[in-house]
Every structure is written in structure tokens, then in C-alpha cells.
């Protein structure tokens, strides 16, 4: 609102005022939400580290003088999808430096494990002094914002340093498009200032153009998520998990992954109903957020499940749990970064964040790549195009609620040929989408070659 008023009253000067107006808005929001953030920090341990990098822009100082691509990925999912892009970049441009920033603690932990020889750090908050200092220390040739990280002060600071700014694997949902549309006037210089947008689909590309990105700068390159997908169930990580979690090859594995509150109990209820007629069925649950691991374990135990936690595998308790003659335990994967390999265990896969409103779904492409019989709820706005493509090929099924999940699981078990056919169609669809990483790298090549001189002051 402040920005809109300023833009209306003084359009010629709003660009120069923008950083200070944004600082005022950001600081006001920090003050308003500080009690909530403090309580959450005490309860969960979040928000306790990286404040020098976040508030002061104390990013690691880059020493080299060669081309540098700074990827900013908000959290775990965006970090992991960078794997094929960075791998391709290292093969073709070994002299380029790469740094990766994230905003979340779990995102940074995964980035450090995934890219142990790359500089990783907390991204600065979009405060003018923080982003200016971080950009000065990193000295990027290209700032690559993953999917949709439109931060006006960061983009401005990068451009004024001489860097090119690009959105890679661009995704702009209808909801985000409407939200940015409400701020169309104050953000027009930000969107117009993007040097390139590499969109996943034509629909996303049109939305970026509508918000002010010049059409010649927008290209459809596809989704790099397809390039980083494992399609071989016999890969080393999945084999290790099958051994560690004591899953017999003759068992039918039902994986409920990226689950949110309420979805674990729905998956367990479906599993309990199906196990009466399919005693070789096993359930593996992978909650989306680490802070819920203990809560999920307690919920499953309270419903009569015997729970084998991934973090406890190797302990005496874990061995005894799987050795008893009773029903096999429910496996709770309470670790970070293993879901991609866990999907390789799944004969039937339920993708969470989709059964109840408010979340928008999680990535269903990973289980699809393995050829699992994929189920997800009706709330999948974050993956609208992927869902449409899978459903058009009869490569997945939507379950409307917990009872429908139970019915779909039983149907997949009682019609294994139909389930296998859906899985094969899903895998074929994923394999046909590859190549986005190479197209993305070609655009990064072009941007590095066209770097402009820094703005003089």
C-alpha cells in the first residue's frame, strides 16, 4: 500500500525511493511478527542461526575472479532440483564458480550435504544494506533465482553490481500471479529488470510477461525436476534403504511421503484396512517437516502401530521390532534428504500436502519416475500442469479424502496389473520430459557472455 501510494504520487522518483520504502515495510513486519517468531524459535529451534548473513549480508567473501553463478533456492525442494543443473555446469564450464544460498535451516543442511565442495550460506533478507553487502562479497556474474524468488532489493543490488539476473525453472501459479498483480505498479521495475525468465511451461511464461517481463526475455525451457529424477529402482541408495529398513523383496510397499498433519493417520487407516486381506503390505511414512517427526511417531503409536524409526535403525530395538512374529512395524523415515530414494521402494505411493486444503501439493514426479502407482489428493495447485499431464495419461489417481485413499489403496492391491499400467505410464511421461538442464545451461552461457559493467556511483 505504501509503495502504491508513492508510485501514484511521484512516479519519477519511486525507483530511487523503493529500497528505503521496502526497508520500512520489512522492518515493520519483523516487529509485528517477532513474538510469533520468538515463540516458534523456542518450541522448534528454528530461526536461531545465520542472523549475520540474513540481517547484515555477511555472506562468505568470494576470492576468485572468474565467472560466478549465484543460485538462490528457498528451501529443500529447490536445492535438490539444482543437482542436474550444477552437474551439467561443472561438466561444460569447470572454470565457473558456483555458490548456493537458501533461506531455511533444513535447506542449508541439505545444500551442504548435496554440494559439499560448493560455498553455501543463508541468503540475506531483502533489506537494502544486507543485499548490497552480500552482492559485494559474492560478486556474482549471474544471480539465478530458483522458481520464484522475486526480491526487489536483491535484484536491484545485483543489477547495479553489473550482474545479470535470471529466474530459472520459473513457476508462477495462478495464486501467485494474482498476488503479484495487486502490486503490479510498485513491482513493475523489478519484473522489467529481469534479464531472463526460464519458465517451466507456456502458461507460466505468459504470466511473467503479464507482470512486466519483456516477452523476448521469457523462454520456455521445461522443468529441471525431470532431469534430476532417478528412474532405476536398483540404485545404490534405494538398495541400502531396503536393507536397512528390513523390507523383503516379496513385500508390497506403500509409501506415504511429504505428508502434512492428518495425512499420516489417513495413510495408516488405509494401511490397516488393506492389511487384513494383504498381510504382505508394508507402510513407510515420510513427513514433510522435521519438527513433526516426534509428533507423527506418537500419533502412529497411539493408534496401535509399532513404529520403526529410520534414525533408530541399527539399534537393538529396531532389530527386535522387525524380528518379532507380530505384524511388521510401520517405518517412519525421520531423516532429511532421503525421500527421493525412499520413493524407489514404493509399489504404491501417496504424495502428501494434497489431501487437505492450504498446502498445494508436493512433488509427485519422483515416485512417477520409479513407475509407482501414484495417488494424491485434490489440492495440488503447485503442480497443476504435471497433474493434468499424468491424469490425461491415466498415470495417477486423485483421492478426494481419507476414505477414498483407503479405497484407492485396496483397488491398487486387488488390481496389480492396473496399478502396474499406471506406473508404467507415469515413468514413460517422466522420461519424455528430459533436457531442461541443458537448455537452462545454454541460457546461463548467454547471460555470462553478455555481462554488463557495474553501475558507477
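The values are calculated or read from the model by the stated rules, or taken from the named source; none is laboratory data. Just so it is clear, the model here is predicted, and its values are computed rather than measured. FYI the Cβ positions are ideal-geometry reconstructions off the backbone, even for glycines, and counts take in every protein chain you see.
Need at least 1 residues that are surrounded by 11 or more Cβ atoms within 10 Å (Cβ to Cβ) and at pLDDT 65 or above per element, so show me which helices (runs of 4 or more DSSP H) inside the stretch 1-68 make the cut, counting only ones lying wholly within it.
14-44, 51-56
Go through 440, 451 for me and flag whichever is closer than 30 Å to residue 135 by Cβ, in a helix (DSSP H, G or I) and either touching a strand residue (DSSP E or B) at 6+ places or on another chain (Cβ under 9 Å) or free of Cβ contacts under 8 Å to residues at least 12 places away in the same chain (or both).
Working: 451 fails: in a helix (DSSP H, G or I).
Just one listed residue meets the conditions, 440.
Please enumerate the residues belonging to the stretch 84-110 that are part of a helix (DSSP H, G or I) and under 12 Å from the mean Cα position of the chain (by Cα).
Here is the first cut: in the stretch 84-110, the ones part of a helix (DSSP H, G or I) are 84-92, 105-110.
Once the filter is applied, which keeps residues that are part of a helix (DSSP H, G or I) and under 12 Å from the mean Cα position of the chain (by Cα), the stretch 84-110 yields 106, 107, 110.
Please determine whether any residue of the stretch 185-196 is at positive phi and outside any helix (DSSP H, G or I). Give the steps one after another, and end with the answer.
So in the stretch 185-196, the residues at positive phi come out as none.
No, the conditions are met nowhere in the stretch 185-196.
From the list 237, 243, which residue is assigned to a helix (DSSP H, G or I), surrounded by fewer than 20 Cβ atoms within 10 Å (Cβ to Cβ) and without any contact (Cβ under 8 Å) to a residue 12 or more places away in the chain? Give the derivation first.
Numbers: 237 fails: without any contact (Cβ under 8 Å) to a residue 12 or more places away in the chain.
Unique residue meeting the criteria: 243.
Okay, residues lined up against (1) surrounded by 24 or more Cβ atoms within 10 Å (Cβ to Cβ); (2) touching a helix residue (DSSP H, G or I) at 6+ places or on another chain (Cβ under 9 Å):
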site	(1), (2)
359	no, yes
363	no, yes
385	no, yes
423	yes, yes
428	no, no
433	no, yes
444	yes, yes
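Just one of 166, 131 is part of a helix (DSSP H, G or I), surrounded by 22 or more Cβ atoms within 10 Å (Cβ to Cβ) and touching a residue at least 40 places away in the same chain (Cβ under 8 Å); which is it? Explain how you work it out, then say what you get.
Working: 166 fails: part of a helix (DSSP H, G or I).
Testing whether each residue is part of a helix (DSSP H, G or I), surrounded by 22 or more Cβ atoms within 10 Å (Cβ to Cβ) and touching a residue at least 40 places away in the same chain (Cβ under 8 Å) leaves just 131.
Is it the case that residue 262 is more than 20 Å from residue 343 (Cα to Cα), assigned by TED's automatic domain parsing to the domain that holds residue 413 and modelled with pLDDT under 95?
On the way: more than 20 Å from residue 343 (Cα to Cα): yes; assigned by TED's automatic domain parsing to the domain that holds residue 413: yes; modelled with pLDDT under 95: no.
No: the conditions fail for residue 262.
With the structure loaded, tell me whether residue 215 is in the same structural domain as residue 344 (by TED's automatic domain parsing) and either surrounded by fewer than 17 Cβ atoms within 10 Å (Cβ to Cβ) or farther than 27 Å from residue 432 by Cβ (or both) or whether it fails that test. Give the steps one after another, and end with the answer.
Working: in the same structural domain as residue 344 (by TED's automatic domain parsing): no; either surrounded by fewer than 17 Cβ atoms within 10 Å (Cβ to Cβ) or farther than 27 Å from residue 432 by Cβ (or both): yes.
Spelling it out, it is not the case that residue 215 is in the same structural domain as residue 344 (by TED's automatic domain parsing) and either surrounded by fewer than 17 Cβ atoms within 10 Å (Cβ to Cβ) or farther than 27 Å from residue 432 by Cβ (or both).
Being in contact with a helix residue (DSSP H, G or I) (Cβ under 7 Å, 6 or more places away or on another chain), at pLDDT below 95 and surrounded by 16 or more Cβ atoms within 10 Å (Cβ to Cβ): is that true of residue 222 here? First the steps, then the outcome.
Numbers: in contact with a helix residue (DSSP H, G or I) (Cβ under 7 Å, 6 or more places away or on another chain): yes; at pLDDT below 95: yes; surrounded by 16 or more Cβ atoms within 10 Å (Cβ to Cβ): yes.
Answer is yes for this residue.
Kindly indicate which of 205, 199, 267 is closer than 27 Å to residue 297 by Cα, at pLDDT 95 or above, in contact with a strand residue (DSSP E or B) (Cβ under 6 Å, 6 or more places away or on another chain) and surrounded by 19 or more Cβ atoms within 10 Å (Cβ to Cβ).
Among 205, 199, 267, only 267 is closer than 27 Å to residue 297 by Cα, at pLDDT 95 or above, in contact with a strand residue (DSSP E or B) (Cβ under 6 Å, 6 or more places away or on another chain) and surrounded by 19 or more Cβ atoms within 10 Å (Cβ to Cβ).
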